[in-house]
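Rule-based calculations on the coordinates, nothing more; no lab input. Predicted model, so just to flag it, every value in this text is computed and none were measured. Because the Cβ atoms are built from the backbone with ideal geometry, glycine has one as well, and the counts that use them run over all protein chains shown.
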Amino acid sequence: MGKFRPTQANIIGRHARKAATIIEERGWVQGMLENEQGQVCLMGAFDRAVSPIHKTQRLALGCVFTTRFGQWMEEHYPDDAPVGSYGWRNAPAWNDGVFKTQEETVSWLTKFADDLDPQR
């Protein structure tokens, strides 16, 4: 057997799982990446999860994450699918427009991570 090579989905899933842990540890916020108390939104937590990676790769992963998360949520939660400021469904639109609690945010983010990367 060959060596397991993670797919893009696996990589995004692993970082999303880390992001969920970061939100649990730091707290959750809407409308900004991070507040003065250190609480973070979905994108702020994802950026922290991938922070050891080179900035260019981090930006690319962030773009993939926000798009995939928006599409995935729309499939699983279609009645409330928000449209972001650029006319497409994305992670910030869910964070700021639909989610009401930290627990709800972490729950959906963890389900998303498990779906993309069941390997753990």
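Structure summary
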| quantity | calculated |
| --- | --- |
| Candidate aspartates and glutamates for bridging to K111, where Cα separation is under 20 Å - those fewer than 8 sequence places away on the same chain excluded | E24, E25, D47, E74, E75, D79, D80, D96, E103 |
| Label point distance in nm, A9-Q71, each placed 7 Å from Cα along Cα→Cβ | 1.1 |
| FRET efficiency, K111 to E36 (Cβ-Cβ, R0 41 Å, nearest 0.05) | 0.85 |
| Table column - 3J(HN,Hα) (Hz), the stretch 101-106, Karplus curve with 6.51, -1.76, 1.60, x for Gly and Pro | 9, 4, 4, 5, 4, 5 |
| Long-range Cα-Cα pairs in the chain (distance over 22 Å), rounded percent | 28 |
| J(HN,Hα) series, the stretch 54-69, from Karplus relation 6.51 cos²θ - 1.76 cosθ + 1.60, nearest Hz, glycine and proline x | 3, 3, 5, 5, 4, 4, 5, 4, x, 5, 5, 4, 4, 6, 5, 5 |
| Peptides ranked, highest mean first, by Cβ atoms within 10 Å: ranges 29-38, 98-107, 7-16, 52-61 | 7-16, 98-107, 29-38, 52-61 |
| Of I12, P52, H76, farthest towards positive along the dipole that unit charges on Lys, Arg, Asp, Glu beta carbons give the chain | P52 |
| Long-range HN-HN contacts of W28 with modeled amide H, under 5 Å | V40 |
